[in-house]
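Each value in this text was obtained by applying a stated rule to the coordinates, not by laboratory testing. The model shown is predicted, which means the values in this text are computed figures rather than measured ones. Neighbour counts are summed over all protein chains in view; Cβ atoms, including those assigned to glycine, are modelled from backbone coordinates with ideal geometry.
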Amino acid sequence: MTTPTDGELLGRVAAGDRDAFEEFYRRHATWLTLRLRYRCADGTVVDDVVQETFLAVWRGTARYREQQTGDVAGWLWRIGSRRLIDSLRGHGVRQRLAGLLARRRFADAPSAEEQVLLGVEHGDLAGALARLSPELRAVVQATVLDGLSTSEAAVLLGIPAGTVKTRAMRARRQLRQELA
C-alpha cells in the first residue's frame, strides 16, 4: 500500500474523510507549530492559530488547488501565517503579550519583524509600503511580513524565484529612498 500524497489527502478531506484529515494533521501540525513559534513567543496564541488553520482545512474554508496553489506546505504556511498576523493584530493579544513582557526580568530588544509590523501600523513605513506597486508590495508582504523564503514566495505569487529576488531588491531600494 502506497502512502497517499498531501494532495490526495486533501481531496479526501474535502469529501469529509476524518481519517485523511487526521493523517494530514499528523504530517503537518508539528512543523507548522514550530515555524509559527519562531514568529510569536506566546505558545497559547500559536496553538490557537494552528487549531484555526487546521479547522479552516477541515471546514473547507481553505481549499487547496494544486494548479493555482502549488506546494501543500507553502499553502498551509500561508494560511497559518496570515491567521497569526490577524491574531497578533487583535487588541486582547497585545494586552496579554504586554503583561507577559512586563513580568520578564530583563527586556529584549524588539525583533526585526516586530519593528516592521509596528512601522507598518504606526509609522512612515505604512505610507511607503502603500506607495509601492502591487507587485513589489506583494513580494515584501510574502518575504518580510509573512517570512516566506524566496522559493516559497515564488510559489505563492506564481512567479520565478529570480523575479522575487529582483522585485525585493527594487522594493528595498524604493523604501530606502522614501524613508531617507
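In this rough spin-label picture, where each label sits 7 Å from Cα along the Cβ direction, the Gln51-Asp86 distance is 1.6 nm. Summing charges over neighbours of Leu179, with a neighbour being any other residue whose Cβ is under 13 Å away from its Cβ, gives +2 when K and R count +1 and D and E count -1. The distance linking segment 1-60 with segment 124-143 is 30 Å (Cα centroid to Cα centroid, whole angstrom).
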